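Novice: The structure that follows is given in the form of structure tokens.
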Amino acid sequence: MSTYVVSDIHGKYDKFIEVLDKINLKEEDTLYVLGDILDRGKHPIKVMLKLMEMKNVICIVGNHELMAIRCMDFIIQKITETSTDKFDKYKNFSIWYRNGAKNTIDEFIKLDSKMKFKIIDYMKNFITYKKLYINGKNFLLVHGGLGDFHPDKKIEEYTLDELVWDRVDYDMKYFDDIYLITGHTPTMLIESNTKPGYIYKANNHIAIDCGACFNGGRLGVICLDTGEEFYSS
């Protein structure tokens, strides 16, 4: 029984299937997905449907899922709200679209109504963080970071935006006894990273967004039991 973590698939279905084959995920294993399944890549909904079929996957919400949840009802339902509510929904939709939502929308609108609502319900059940204890090590999994960080601040006290939108200061060691695992920030953008585009480990941080949707990027997976890393081509 092994525990794996991946993040920021961003519609790269082929890369996702490739890393699944490489880790040889078994029924008794668990795969945590640290959000940003949607947008940018060609097949975000195809990835989501694949995850929905997998009983041993636990998803943590990312900022792209958060944007999608706020907009998908708007896409499939008649607008009956007040003019103020309509403005807010158009504003949310505009923000989502500018962040790479086109491919998600294109695939989503082709689904039948029942499946559309299943996807929305599935995403609404994503968790916001996960604490794990494996082989004597404590891990904290979140999508983005710990905004407005303070060492005495409990994880339950962080707002959703602080967990999914804010970014980690990778030069700062947040905890002595906890490994903080995050996506959201592509590892090629971490200045102190000597291996851009690969999983970054320093200061009890493990950053696993390897920029799958960018040129030269890849999808990275880490096994928390062994520390072994797996990558798409």
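Throughout, read-outs are computed from the coordinates displayed, never taken from laboratory work. Predicted model only: the values in this text are computed from it and were never measured. Using ideal geometry, Cβ is built from the backbone for each residue, glycine included, and neighbour counts are taken over all protein chains shown.
Novice: What is the sum of charges, Lys and Arg at +1 and Asp and Glu at -1, for the other residues whose Cβ falls under 14 Å from the Cβ of Ile17?
Specialist: +3
Novice: Return the calculated 222 nm mean residue ellipticity for the chain, to the nearest 500 deg cm²/dmol, obtained by summing -39500 (n - 2.57) across DSSP H runs with n ≥ 4 and dividing by the residue count.
Specialist: Taken over the chain, the calculation gives -9500 deg cm²/dmol.
Novice: Could you calculate the contour length gain from Ile178 to Lys42, that is, 0.36 nm times the residue separation minus the distance between their Cα atoms, to one decimal place in nm?
Specialist: Gain on stretching Ile178 to Lys42: 45.4 nm.
Novice: How are the Cα pair distances of segment 135-233 distributed, in percent, across 5 Å bins from 0?
Specialist: Calculated P(r), rounded to whole percents: 3, 13, 24, 25, 19, 12, 4, 1, 0.
Novice: Provide the net charge surrounding Asn215, with neighbours chosen by a C-beta distance below 14 Å and charges set as Lys +1, Arg +1, Asp -1, Glu -1.
Specialist: Once all neighbours under 14 Å are counted, the net charge is +4.
Novice: Between Thr194, Thr128, Thr182, find the one with the highest GNM mean-square fluctuation for the chain; connect C-alpha pairs within less than 10 Å.
Specialist: Highest fluctuation among the options: Thr194.
Novice: What pairs in Lys46/Lys137; Lys55/Lys89; Lys15/Lys102 have C-alpha atoms more than 25 Å from each other?
Specialist: Cα-Cα > 25 Å for Lys46/Lys137; Lys55/Lys89; rest within.
Novice: A further question follows. Where in segment 28-46 is the amide nitrogen less than 13 Å from a point lying 7 Å along the Cα-to-Cβ axis of Asp73?
Specialist: Under cut-off, by backbone N: nothing.
Novice: Near Tyr133, within a Cβ-to-Cβ distance under 15 Å, what is the net charge of the other residues, with Lys and Arg +1 and Asp and Glu -1?
Specialist: +1
Novice: With springs only between Cα atoms under 10 Å apart, run a GNM on the chain and tell me which of Asp152, Asp106, Asp177 wobbles the most.
Specialist: Asp152
Novice: Using a/c under 1.5 as the rounded threshold, could you call segment 28-158 rounded, prolate or oblate? The axes a ≥ b ≥ c are square roots of the C-alpha gyration tensor eigenvalues, and prolate needs a/b larger than b/c, oblate otherwise.
Specialist: oblate
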